[in-house]
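What follows is a single structure, written as structure tokens, with notes after it.
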Amino acid sequence: MFQVLVVTFGVVVFNFGAPVKHGKGGQSDSAYGLALIAFSLALDGATGGIQDRVKTGIKKMNEEESKKEGGKKKDPKLSPFESMLYTNLSGAIVALVFCFATDQVSAGLAFCQRSEEFVKALLAFSLCSALGQCFIYYTIAEFSPLLLATVTTTRKIFSTLVSVFRDPSNSLNEMQWIGCGLVFAGIIGEQIASFAGGGKKKAH
């Protein structure tokens with residue numbers, strides 16, 4: 001748990017340590033915007049625990065059904081594609097509700113009709129997203145949401161570092177380097193703790 005907090009704190013330090021870019025129409029951070037970010041982070045943090053409970057509940061339910069059916073073999077785990085289907089279906093329903101509530105459906109469809117390039121980009125993005133989600137939900141189903149969070153966070157930090165080394169103009173300031181260091185320290189600490197825990201179990 002401590003390692004997860006270190007990683008999370010490192011990401012926060014990295015993001016808030018980024019220099020403010022004054023572009024066209026740029027505005028300072030508002031309390032409303034920061035509240036939305038905090039709300040998003042809170043929901044993101046709760047997602048892993050909910051996914052763990054869903055996995056445990058589905059496994060228990062399937063095992064009980066197998067016993068009722070006279071020991072008939074049934075995969076107790078929720079498959080990656082089942083999880084992917086239900087998650088995206090529920091997300092699509094919520095998005096449609098908000099689109100109708102804010103009266104953005106007609107404007108969105110009209111924009112798609114006017115911009116053929118946008119539709120092509122949207123289809124390409126959807127295809128890449130679906131392919132990427134196959135790996136995401138496989139990791140959740142076969143391993144754990146915590147491992148997925150570690151993998152995705154590590155990937156983001158490595159992408160940032162590759163961008164920095166590839167283009168020196170994307171340099172990081174001292175605060176961002178501290179954030180990167182905290183993230184890697186948390187990840188390494190988590191791996192050390194997991195190996196130490198595995199060694200203790202083998203010893204017993």
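Anything in segment 96-137 that is at pLDDT 90 or above and either under 30 Å from A193 (Cβ atoms) or touching a strand residue (DSSP E or B) at 6+ places or on another chain (Cβ under 7 Å) (or both)? List them, or say none.
Matches in segment 96-137: G132, Q133, C134, F135.
Out of the residues in segment 133-182 that are of a type in the set (G, A, S) and within 18 Å of G17 (Cα to Cα), which is least open to solvent (accessible area, probe 1.4 Å)?
Per the criteria, the residue is G179.
Can you say whether Y86 is touching a residue at least 24 places away in the same chain (Cβ under 8 Å) and open to solvent by 90 Å² or more (accessible area, probe 1.4 Å), as far as the supplied structure shows?
no
For segment 13-72, give me each residue that is among the acidic types (D, E), within 21 Å of L148 (Cα to Cα) and modelled with pLDDT of 75 or more.
Matches in segment 13-72: D52 only.
The values are calculated or read from the model by the stated rules, or taken from the named source; none is laboratory data. These numbers were taken from a predicted model, which means no experiment stands behind them. Here Cβ is always computed from backbone atoms with ideal geometry, including for glycine, and neighbour counts include all displayed protein chains. We work out accessible area using only protein heavy atoms, side chains counted, and drop any ligands, DNA or RNA first. Shrake-Rupley method; radii C 1.70, N 1.55, O 1.52, S 1.80 Å.
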